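The values are calculated or read from the model by the stated rules, or taken from the named source; none is laboratory data. What you see is a predicted model; the values in this text were computed from it and never measured. Here the Cβ is made from the backbone with ideal geometry for all residues, glycine too, and neighbour counts use every protein chain on show. Calculation scope for accessible area: heavy atoms of the full protein, side chains included, ligands and nucleic acids excluded. Shrake-Rupley method; radii C 1.70, N 1.55, O 1.52, S 1.80 Å.
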Amino acid sequence: MKIERRWPLAGAAFLVLAVIVVTLLARKPRTEYVTAAVERGDIHDAVEATGSVNAVTTVQVGSQVSGTISKLYADFNTHVHHGEVIALIDPALFRGTLQQAIADSENAQANLIASRANLEKAKAALAQTAADFDRTEKLAKDNVVPQQQLEISKATNDGAAASVNGAEANVVQARAQLSQKSAAVAVARTNLGYTVIRSPIDGVVVARNVDVGQTVAASLQAPTIFTIAQDLTKMRVYAKTDESDVGSLKLGQPVTFKVDAFPKERFTGSLTQIRMNPTMVQNVVTYDAIVDFDNVGMRLFPGMTAYVSMSVATVSNVLKLPNAALRYKPPMEPDEVVALYKKYGIEPGEAAAVGSLSGKSGRRAETAIVWKLRADSSIEPLKVALGITDHAFTEVTSVLAGQLKAGDELLTRSVTSKAQAPTGQGVRR
């Protein structure tokens, strides 16, 4: 009897368990959505770049001669003026070279004087032999003197003429030697002058590369002694700009930048030049955008890192959606997505031109499909026309399909119910 009662109870329990298992297996995993709200406000589209602060003109002052630094008249941060003596190389060797060159020049001058005197002497001898030859020639015609004496007189005259030519050549040679020695004097005097290092511009010494007693060697390249920056009240930023951004920049446009030394301040300047010389690093091409600015109070120093923002476009009081919503695609089968498109008046072919973000410049297609979370927790596709972006939000110029207003929740991510929903943004089921 007891066994007969247990069988119906066991069967009922098994039936209940089977129903529970079938019910659990039939349940579909719930989808949870991460959303971000549509806002109304301003958007500033800007090109961001990193660069360095530099003086407008920087001159490296070097030495054209080798020697030992005997004196330094300038140091770091010293204000110098054009022509001011800022360093001195020991001039002893160069002074001795100059004195030797002067002595050689004086010796060449004396040789020239002697050569000229010999030339005059040779000319006088030629005049004497020429007169003797004329007399002998006349006497020989009258047969007063023998022919042999005439030949001797002629040979003597010819020898005197050759001596004159030689004396003239010696004068030319002595003159050339004098010019050579005079040039050596000029070179020695110039090298002696190079031992005095003068500032080529008005400016501030930003680098000193030598100390007193140090030897500088000017061989293939002039050694740098000082680096002088001209007029630090007017400086410029060399900003490395991506090749995809240079087309949107305009000369003369205002530019703002920040530096680490003053993180809470923003400095202003203007774009004065985009240099055509490209720089390629790991297949990334950049161009130097030159930003000129007034360094009021000389607060910014050469070499500081500048974080530059160059405004491209600005719109005010517009509807803007988060860029994450442009990248979202619902985890649905293609036929389910097509059905939703048709339900809300979007042709399936229009979805192919979804305007997702692309590249560093943030350029996109003109239209995009975004997904709105409705009050009943269903999702609705919207087709919108896009404007400018600040890389966080994008302007909505018009809504082509559906309705969108500030405060609406757009889907940015979706997760299944088995995973813990991310925090920090609105999560709706």
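Cα axis of helix 147-194 to longest principal axis of the chain: angle in degrees, 0 to 90, nearest 10?
That helix lies at roughly 30 degrees to the long axis.
At what distance in nm do the modelled label points of residue 128 and residue 339 sit from each other, each positioned 7 Å from its Cα along Cα→Cβ?
Once both label points are built, they end up 13.8 nm from each other.
Going by a ≥ b ≥ c, the root eigenvalues of the Cα gyration tensor, does the range 142-200 fall in the rounded group (a/c under 1.5), the prolate group (a/b larger than b/c) or the oblate group?
Working: a/c = 13.15, a/b = 10.02, b/c = 1.31.
It is prolate, given that a/c is not under 1.5 and a/b is the larger ratio.
Could you look at the chain and say what percent of its accessible area is carbon and sulfur, using a 1.4 Å probe and all protein chains?
Details: 13870 of 25540 Å².
Carbon and sulfur atoms account for 54 percent of the accessible area of the chain.
Distances over 25 Å make up what percent of all Cα-Cα pairs in the range 103-251?
Numbers: 7438 of 11026 pairs.
Across the range 103-251, Cα pairs with separations above 25 Å total 67 percent.
Using the Kirkwood radius over C-alpha pairs as Rh, can you work out the diffusion coefficient of the range 304-350 via Stokes-Einstein at 37 °C, viscosity 0.692 mPa s, in µm² per second?
Working: Rh = 14.9 Å.
Estimated diffusion coefficient is 220 µm²/s.
Which of 370, 216, 306 sits farthest toward the positive end of the charge dipole of the chain, with +1 on the Cβ of Lys and Arg and -1 on the Cβ of Asp and Glu?
So the residue furthest toward the plus end is 370.
Would you mind checking the pairs 343/383; 258/320; 320/383; 240/320 and listing those with alpha carbons more than 19 angstrom apart? Don't skip to the answer; put the middle values down first.
Working: 343/383 13 Å; 258/320 27 Å; 320/383 14 Å; 240/320 29 Å.
Where the Cα-Cα span goes over 19 Å, the pairs concerned are 258/320; 240/320.
Take the alpha carbon gyration tensor of the range 212-333, find the square roots of its eigenvalues, order them as a ≥ b ≥ c, and report rounded if a/c is under 1.5; if not, report prolate when a/b exceeds b/c, else oblate. Walk me through the intermediate numbers first.
Details: a/c = 2.67, a/b = 1.90, b/c = 1.41.
Prolate shape, in that a/c is at least 1.5 and a/b is the bigger ratio.
Please work out how much length the chain gains when fully extended from residue 258 to residue 219, using 0.36 nm per residue of separation minus the C-alpha to C-alpha distance, in nm with one decimal.
Numbers: separation 39, 0.36 × 39 = 14.04 nm, distance 4.25 nm.
So the chain would gain 9.8 nm between residue 258 and residue 219.
Run the dipole for the chain about the Cα centre, Lys and Arg Cβ at +1, Asp and Glu Cβ at -1, nothing else charged, and hand back the magnitude in debye, nearest 20.
On the way: 46 positive and 42 negative charges, 434 e Å.
Roughly 2080 debye, rounded to the nearest 20.
So if we plug the beta-carbon distance of residue 102 and residue 284 into 1/(1 + (r/R0)^6) with R0 = 56 Å, what FRET efficiency do we get, rounded to 0.05? Don't skip to the answer; put the middle values down first.
Numbers: r = 61 Å, r/R0 = 1.09.
Efficiency, from the Cβ-Cβ distance: 0.35.
Could you tell me how many degrees, from 0 to 90 and to the nearest 10, lie between the Cα long axis of helix 334-343 and the main elongation axis, the longest principal axis, of the Cα atoms of the chain?
80 degrees
In a solvent-free Debye calculation with one equal scatterer on each Cα, what is log10 I(q)/I(0) for the range 22-133 at q = 0.20 Å⁻¹, listed in the order of the q values?
One equal scatterer on each Cα of the range 22-133 leads to -1.20.
So with the 1.4 Å probe, I'd like the accessible area per residue for the chain, rounded to whole Å². Provide the component values of the computation, followed by the final result.
On the way: 25540 Å² over 429 residues.
Ligands and nucleic acids excluded, the result is 60 Å² per residue.
Which label marks the calculated value of Cα extents along the principal axes in Å, given the options (1) 65, 52, 41; (2) 199, 64, 45; (3) 189, 58, 54?
It is the one labelled (3).
Relative contact order for the chain: what is it in percent, counting Cα pairs under 8 Å that are at least 6 residues apart? Don't skip to the end; give the middle numbers.
Numbers: 796 pairs, mean separation 118.5, N = 429.
Relative contact order comes out at 28 percent.
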